[in-house]
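So the structure is just underneath, and the comments pick up after that.
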Amino acid sequence: MRYGLTKRLMTVTILLAMSGGMALAEQLVVSISRHQVLVNSSFTGTSIVLFGALMPDKPDFKPRPKPYDIIVTIQGPRETVVTRQKERILGIWINSRSRTFAGVPSYHATLTNRPLPEIADSATLDELEAGFHNLPLSQRVGSQILESARSDPFRTNFIRLKEEHGLYTEQTNAVTLLTPTIFRAGIPVPAVAQVGNYEVTVQVLSGGKVVASTHTAFELVKVGFEQFVAQAATRHGLLYGLAMVMMALTTGWLASVVFRRD
Amino acid sequence: MQIYLPIADLPVNIFLMLGMGLAVGIISGMFGIGGGFLMTPLLIFIGIPSGVAVASVASHIAASSCSGALSYWRRNAVDMALVGMLLVGGIIGTAAGVVLFTVLRSVGQLDIVIGLSYVALLGIVGGLMINESLRVILRERSGQSTPTRRGGSHTWIHGLPLKMRFKRSRIYVSAIPVVAIGFVIGFIGAIMGIGGGFMLVPMLIYLLRVPTTTVIGTSMVLTLVTMASATIMHAVTNQLVDAVLALILMVGGVIGAQFGARAGQNMRGERLRLLLGVLVFAVGLRFAYQLVVVPADLFSLLVLDVE
């Protein structure tokens, strides 16, 4: 079944690449090593391998004068996050100001074969949303949704904390061109990554212009006892609470039976 | 060996947690207290989010007070009428505490309020205990006889209306202070993750004149019920009760308490009280330090929801 799914996805990928690129002269085919990552309690992070190949779609295709550059961007499920800042008030450190970022990616990775500024000019990179420095991060102010300024300290610290957790990353050596037309990329998945859908966009540039692009995706699924407990706690709070009390009473009662001295 | 805590969302060493449960259990058995005021801070100091620590310790205290309550029950040393009256305030207090806990968490001020509460409460209680036991010890050294507290003397509390008779404890007292004490213990317990036995017992003895025969058993049953309801309320509103964490603490705690109870019988009362006072005060100081020292990171992230 999995083979069938992969095959169908590949077909879709190829069709997309062809239909989207009638004016383009090459076909881009990509495949990732896993479409589903199962995360259990001992999960310490993993890496997904993406392979891609470019091939001329017409026999009379003339090779491009400039070598290919690859930009792979991955976006995780969107989330709403509060960023809080501590300040010293009357000698103690208290969370004072805060900013809510709404609908921002929980995970964002940009993988390339060389530094972004060498691949294209900043206007093109902005358009491609390559690199989290170009990422639009909207914040909720009251009932309004506003775009955060690039120099906003809440924005820069939000990105810094995300980077420290390995959730926002920019890697300029993560894509390897095995031949000028075949490439491989390692997608890092940290232990703290959110459960959900991860969209992968592959863009191929030559001389600073996009010549082919395609999409694929993978899914992060949590499994195991711990996940069962976490789900029970959020979905059935009352039952969970009652079960906890039963557990406490049983443990207490057992102890009083085992260690009974009177 | 690492074990993953599903609600705290982090891995911990299972032997460290068992050891902490045992250590706190020994202390709680030695002094006849629940040990929540030590367990919650310890969990916070090793990096468990304070909300998860408070909510999970509530169920841990329910377990340790359950075995204690059962043995006092067998000896018929529980005043159920008094427990019932205390619970009227206790349940309302617990609910109020959980509501405040939820509000504080949503505005990002839970940690600071828990920290400040611990500094204030442990500082005052620890200071009083050290002061009193030192005075008794010094008086014994100088050869003077210790003045014993006289039972039966009346205070303004005994002048309040709505008087009730509690047969088992042989007291005749107004219902108002009983409900109020229950409320205070339930409220503080829900916010700070403590059973409150170390405050409840002196309150019952000095304010209501409950005799020593029923005071510990009554306190244990009250702690059991308030902490069980706090567990349920925390599970329903904040979903912060960590079953794996709580189970490890429970097992360590109930075993430790048995050893502690035996060790406690071989120690002299005032020395024991001084030791507990120093311990309580030290935990308070540790919290104060955490509040004034410059945090490692001034910024923090909290995920509200994921699409």
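The values are calculated or read from the model by the stated rules, or taken from the named source; none is laboratory data. Predicted, not measured: the structure shown is a model, and the values here were computed from it. As a convention, Cβ positions derive from the backbone with ideal geometry for all residues, glycine included, and neighbour counts pool all protein chains shown. Note: accessible area is taken over every heavy atom of the protein model, side chains too, but ligands, DNA and RNA are not part of it. Shrake-Rupley method; radii C 1.70, N 1.55, O 1.52, S 1.80 Å.
Test B:Thr231 against the criterion of being within 26 Å of A:Val229 (Cβ to Cβ), in a helix (DSSP H, G or I), open to solvent by less than 70 Å² (accessible area, probe 1.4 Å) and of a type in the set (Ser, Thr, Tyr), and give yes or no.
Criteria met by B:Thr231.
Kindly indicate whether B:Ile248 is open to solvent by less than 30 Å² (accessible area, probe 1.4 Å) and at pLDDT 90 or above.
yes
Condition (residue is over 30 Å from A:His165 (Cα atoms), within 10 Å of chain A (Cβ to nearest Cβ) and touching a residue at least 12 places away in the same chain (Cβ under 8 Å)) applied to the stretch B:241-252: is it met by at least one residue? Explain how you work it out, then say what you get.
Step one: list which residues in the stretch B:241-252 are over 30 Å from A:His165 (Cα atoms), which gives B:250-252.
Still in the list and also within 10 Å of chain A (Cβ to nearest Cβ): B:250-251.
Now drop any that are not touching a residue at least 12 places away in the same chain (Cβ under 8 Å), which leaves B:250-251.
Within the stretch B:241-252, one or more residues are over 30 Å from A:His165 (Cα atoms), within 10 Å of chain A (Cβ to nearest Cβ) and touching a residue at least 12 places away in the same chain (Cβ under 8 Å).
Identify the single condition in (1) open to solvent by 60 Å² or more (accessible area, probe 1.4 Å); (2) facing chain A (nearest Cβ under 8 Å) that B:Arg273 does not satisfy, given that it satisfies every other one.
(2)
I'd like the full set of residues that are at the interface with chain B (Cβ under 7 Å from one of its Cβ atoms) and polar (S, T, N, Q), limited to the stretch A:228-261.
A:Thr234, A:Thr251, A:Ser256, listed by residue number.
From the list B:Met203, B:Met199, exactly one residue is open to solvent by 10 Å² or more (accessible area, probe 1.4 Å) and either in contact (Cβ under 8 Å) with a residue 40 or more places away in the chain or under 20 Å from B:Val24 (Cα atoms) (or both). Which is it?
On the way: B:Met203 fails: either in contact (Cβ under 8 Å) with a residue 40 or more places away in the chain or under 20 Å from B:Val24 (Cα atoms) (or both).
Of the residues listed, the single one that is open to solvent by 10 Å² or more (accessible area, probe 1.4 Å) and either in contact (Cβ under 8 Å) with a residue 40 or more places away in the chain or under 20 Å from B:Val24 (Cα atoms) (or both) is B:Met199.
Among the candidates B:Gly115, B:Gly123, B:Gly108, single out the residue that is touching a Gly at 6+ places or on another chain (Cβ under 7 Å) and crowded, with 16+ Cβ neighbours inside 10 Å.
Testing whether each residue is touching a Gly at 6+ places or on another chain (Cβ under 7 Å) and crowded, with 16+ Cβ neighbours inside 10 Å leaves just B:Gly123.
When you scan the stretch B:35-42, do you find a residue that is open to solvent by 10 Å² or more (accessible area, probe 1.4 Å) and in contact with a helix residue (DSSP H, G or I) (Cβ under 6 Å, 6 or more places away or on another chain), even just one?
yes
Looking only at the stretch B:210-228, filter to residues that are polar (S, T, N, Q) and open to solvent by 40 Å² or more (accessible area, probe 1.4 Å); which one of those is nearest to the other protein chains (Cβ to nearest Cβ)?
B:Thr213
Scan the stretch B:54-105 for residues that are touching a residue at least 12 places away in the same chain (Cβ under 8 Å), open to solvent by 60 Å² or more (accessible area, probe 1.4 Å) and outside any helix (DSSP H, G or I) and jot them down.
Correct list: B:Arg75 only.
Can you name the residue in the stretch B:290-301 that is open to solvent by 70 Å² or more (accessible area, probe 1.4 Å) and of a type in the set (A, V, I, L, M, F, W, C) and is also farthest from the other protein chains (Cβ to nearest Cβ) among such residues? Show your work before the answer.
Taking the stretch B:290-301 as the starting set, the residues that turn out to be open to solvent by 70 Å² or more (accessible area, probe 1.4 Å) are B:290, B:294, B:296.
Narrowing the set further to residues that are of a type in the set (A, V, I, L, M, F, W, C) leaves B:294, B:296.
Details: B:Val294: 7, B:Ala296: 10 Å.
By that ranking, first place goes to B:Ala296.
Does the stretch B:100-122 hold any residues that are over 15 Å from B:Phe187 (Cβ atoms) and more than 14 Å from chain A (Cβ to nearest Cβ), and which are they?
Once the filter is applied, which keeps residues that are over 15 Å from B:Phe187 (Cβ atoms) and more than 14 Å from chain A (Cβ to nearest Cβ), the stretch B:100-122 yields only B:Leu122.
Out of the stretch B:12-26, which residues are within 14 Å of another protein chain (Cβ to nearest Cβ) and either part of a loop (DSSP other than H, G, I, E, B) or buried (at least 17 other Cβ atoms within 10 Å of the Cβ) (or both)?
Selection gives B:Val12, B:Leu18, B:Gly21, B:Leu22, B:Gly25, B:Ile26.
Which members of the stretch A:67-91 meet the condition of being of a type in the set (A, V, I, L, M, F, W, C) and open to solvent by 30 Å² or more (accessible area, probe 1.4 Å)?
A:Ile89, A:Leu90 - these are the residues of the stretch A:67-91 that are of a type in the set (A, V, I, L, M, F, W, C) and open to solvent by 30 Å² or more (accessible area, probe 1.4 Å).
On the given criteria, is B:Ser59 facing another protein chain (nearest Cβ under 8 Å), among the small types (Gly, Ala, Ser), touching a helix residue (DSSP H, G or I) at 6+ places or on another chain (Cβ under 8 Å) and within 25 Å of B:Arg271 (Cβ to Cβ)?
Here the answer is no, as B:Ser59 does not meet what is asked.
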